[in-house]
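In what follows, a single structure is set out as structure tokens and then discussed.
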Amino acid sequence: MECQSLPIAYPVSRPPVRRLIDELRDGSHRLAALWQRWMKQREDDSALQTLADLDVRTLKDIGVPEEFRSRVAALREARNVGLSELMR
């Protein structure tokens with residue numbers, strides 16, 4: 001039996017244009033991920049502002065998680081401190 005050997009693969013650099021295209025694609029993916037994270041944060045902040053107008057008991061009754069209730073309480077406290085500073 002004759003044994004066939006595989007040819008040795010030598011590493012070859014990608015053409016510069018291909019490298020540029022790959023880097024642009026990677027950059028656009030990172031930019032899209034940052035945009036999505038920013039939009040999610042804006043939605044969360046908007047929801048938190050809406051919840052801040054409700055009473056704590058109401059929040060508990062509608063099933064808002066404890067994490068959000070504590071964040072709402074902190075936001076309310078910050079608002080009250082800000083208002084009291086303005087009143088002075």
Inset, instruction - Figure the gain on full extension for Q36 and R57 (residue separation times 0.36 nm, minus the Cα-Cα span) and round it to one decimal in nm. - result: 4.3 nm
Legend entry - Rough spin-label spacing in nm, given labels placed 7 Å along Cα→Cβ, for S46 and R79: 1.8
Legend entry - For E23, net neighbour charge (Lys/Arg +1, Asp/Glu -1) across residues whose Cβ lies under 14 Å away: +3
Legend entry - For S28, S13, order by how many other beta-carbon atoms lie within 10 Å, fewest first: S13, S28
Inset, instruction - Would you mind checking the tilt of helix 66-87 against the longest principal axis of the Cα atoms of the chain, expressed as 0 to 90 degrees and rounded to 10? - result: 60
Inset, instruction - For an R0 of 25 angstrom, estimate the FRET efficiency from the Cβ-Cβ distance between E67 and D26 and round to the nearest 0.05. - result: 0.15
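Each reported figure results from applying straightforward, stated rules to the coordinates on display, with no laboratory input. Quantities reported herein were computed from a predicted structural model and do not represent experimental measurements. Cβ sites come from the backbone with ideal geometry, for glycine too, and all protein chains shown count toward neighbours.
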